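The values are calculated or read from the model by the stated rules, or taken from the named source; none is laboratory data. What you see is a predicted model, and the numbers here were worked out from it, not measured in a lab. As a convention, Cβ positions derive from the backbone with ideal geometry for all residues, glycine included, and neighbour counts pool all protein chains shown.
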Amino acid sequence: MTTARNTARALGRNVDEETLQADLERCRQLALDLGASAAAIVPASDVVIDERVRLKCTVPRCIRAGETPNCPPYAPALDLVRKAVSRFHYAILFKCNVEPIEDYVPGQGVTKEEKRRVLSFHEQSGKIVYELERQAYKDGYHLAMGFGGGSCKDYLCKGLICQYLDSGRCRFPNRARPAMEAVGIDVFDLVNKAGWQAYALLDDLSEVPCAITVGIVFVF
């Protein structure tokens, strides 16, 4: 389990490498404590920002494209994301196994309960991103920044019309984040670099061990 910090740390102060690594390990363990199936400390240089990933939000068109300020075409520009990521050194990458897989790949005629489960597919990774970002901030890393999986409209607003695009007032301004894919991060490349596996959720699912939802928090 993670250990509590007894003294507050000033924001933005430089720390030595030993302290940094201890803080990163604390965040990694916190992800596991919060329910992640696996978590790893990764160099920020491992993160690939690829225009093709962003384009996949519209080719073929995701049903959420244009429906939230965190989805294309409203998501942050890739050049801005690429420059920002290049200023970081380390991040916490984590995944959550989603089971049973059949609940998240329903066929035709889904019930309201099945639809609710589908919409909440990425809810756990969103919660972990939020908590890791908060912990990093409390530890003095004032520029910590996280991205989860899926549309915030699904796991926060449960599919309701985005209030921000309707009135300019987000229902969850402190919790809503762009998905990793929305900012061009090649998630599968990172998953493979971490030694994990991801599978296509199509056709025969009998040999697919589970679905996964992935998140990342850039710490320093």
So is G195 farther than 30 Å from R9 by Cα and modelled with pLDDT of 95 or more or not?
yes
Scan region 64-100 for residues that are surrounded by fewer than 16 Cβ atoms within 10 Å (Cβ to Cβ) and acidic (D, E) and jot them down.
D79, E99
Over region 159-174, the set of residues touching a residue at least 60 places away in the same chain (Cβ under 8 Å) and among the aromatic types (F, W, Y) is Y164
Specify the residue that is farthest from the chain's Cα centre (by Cα); the eligible residues are those in region 134-168 that are surrounded by fewer than 22 Cβ atoms within 10 Å (Cβ to Cβ), over 16 Å from A75 (Cα atoms) and of a type in the set (G, A, S).
S167
Would you confirm whether or not region 130-146 contains a residue that is touching a residue at least 24 places away in the same chain (Cβ under 8 Å) and at positive phi?
yes
Restrict the check to region 169-177 and report whether at least one residue is part of a loop (DSSP other than H, G, I, E, B), at pLDDT 95 or above, within 12 Å of the chain's Cα centre (by Cα) and not small (G, A, S).
yes
